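K.L.:
Take this structure first; my questions come after.
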Amino acid sequence: MKGKGRPFGRNKKSGPHKSKPQPPGYDVFDPNKKGGNKRLKSKRQAKSEDIRLNKFIANAGVCSRREADSLIESGKIKVNGKVVKELGAKVMRSDKVTYQGKILNPEKLVYVLLNKPKDFITTTNDPRDRKTVMQLVKNACDERIVPVGRLDRNTTGLLLLTNDGELADKLTHPKNQIVKVYQVDLDKPISENDLARLGEGIELEDGLASADNVAILSADKAILGLEIHMGKNRIVRRMFEAMGYDVIRLDRVMFAGLTKKDLNRGRWRYLSEKEVIRLKYLNKKY
């Protein structure tokens, strides 16, 4: 991993967002299907057609499709007042689908990329009334979006928020090995021996942890670029703590191929249609 050309360092300032901007309509096509260059049918056509019940539930922002199957099997989903337990069942968009007594709507899918500042916690609400990332994106949309994964309170950088439960599940599942890139500022220069240990693996209380690539970004060897696909809690900080270093600053500069280009700290933007297509349909390790 070479430092040159990697997405480390400061970003250009992005302009302020106007109040209540409108999320784009993602006219997404599926390149994995036959005739994949053809756009999906219009919203007017789609409203009159049936879709799988698990997809309906996922689109409503409740959970992923896989988790929706469990809800269906356990009899927790009703369609037009009747419990449906059949996996693969299809419903019309006009059907009344309920979960825990609440009517579900297949919302318009929204994808928001935030450059998280320090001192904001990654949660939808906090009983201790601390600042949350939801305050930063409150004007992004009317739909209920949630963070994909977590960044701890003192970690800054890229965080994706969406109501697309299926995509969220894909990006957080360990088998997909979604790559994250961090800039790590240490309290002292890293030794050659510890630099090698990052790639070889460091034994933590919950197993072996290793980096995919490491780059030294400063002359004093105290600032590093770290590429990792593991998603364990506080994994980067714990790796360095296990070797006797304090992480002074931790910034996620890349997530699943998304970067902070032109996205200033504390700002957000909608994903482009091209970015959504790549995340949803391309079976690659980013």
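K.L.:
Which value, in debye to the nearest 20, gives the size of the charge dipole of the stretch 179-255 about its Cα centre, when Lys and Arg are +1 and Asp and Glu are -1 at the Cβ?
P.N.:
260
K.L.:
Greater than 29 Å separation of Cα atoms is the criterion. Which listed pairs, Lys131/Lys180; Lys131/Lys274; Lys131/Lys170; Lys131/Lys221; Lys78/Lys232; Lys170/Lys261, meet it?
P.N.:
Values: Lys131/Lys180 24 Å; Lys131/Lys274 32 Å; Lys131/Lys170 27 Å; Lys131/Lys221 33 Å; Lys78/Lys232 35 Å; Lys170/Lys261 24 Å.
Correct reply: Lys131/Lys274; Lys131/Lys221; Lys78/Lys232.
K.L.:
Can you compute the FRET efficiency between Thr98 and Leu208 using 1/(1 + (r/R0)^6), with r the Cβ-Cβ distance and R0 = 35 Å? Round to the nearest 0.05.
P.N.:
For Thr98 and Leu208, the calculated efficiency is 0.20.
K.L.:
Just tell me which aspartates and glutamates come within less than 13 Å, Cα to Cα, of Lys188; anything on the same chain fewer than 8 places away is out.
P.N.:
Asp220, Glu241, Asp246
K.L.:
Sticking with this one: When the label point is put 7 Å from the Cα of Thr123 along its Cα-to-beta-carbon vector, which residues of the stretch 135-174 have a backbone N closer than 17 Å?
P.N.:
Counting only backbone N, you get 135-136, 146-155.
K.L.:
Among 217-226, 252-261, how do they line up by average Cβ neighbours within 10 Å per residue, starting with the highest? All intermediate terms of the calculation are to be shown ahead of the outcome.
P.N.:
Values: 217-226: 17.2, 252-261: 19.4.
Descending packing order for the listed peptides: 252-261, 217-226.
K.L.:
Quick check: the distance between the Cα centres of the stretch 140-172 and the stretch 214-286, to the nearest angstrom?
P.N.:
For the stretch 140-172 versus the stretch 214-286, the Cα centre distance is 14 Å.
K.L.:
Given 0.36 nm per residue, what is the gain on full extension from Lys175 to Arg130 after removing their alpha carbon distance, in nm?
P.N.:
That works out to 12.9 nm of additional length.
K.L.:
A further question follows. Which whole-number percentage describes the relative contact order of the stretch 179-255, with Cα contacts under 8 Å and a sequence gap of 6 or more?
P.N.:
47
K.L.:
To the nearest 20 debye, what charge dipole does the stretch 43-104 have about its Cα centre, counting +1 at the Cβ of each Lys and Arg and -1 at the Cβ of each Asp and Glu?
P.N.:
On the way: 15 positive and 7 negative charges, 51 e Å.
With Lys and Arg at +1 and Asp and Glu at -1, about 240 debye.
Laboratory data are not the source of any read-out in this text; all were calculated from the coordinates shown. These numbers come from a predicted model, not from an experiment. We place every Cβ from the backbone using ideal geometry, glycine too, and count neighbours over all the protein chains shown.
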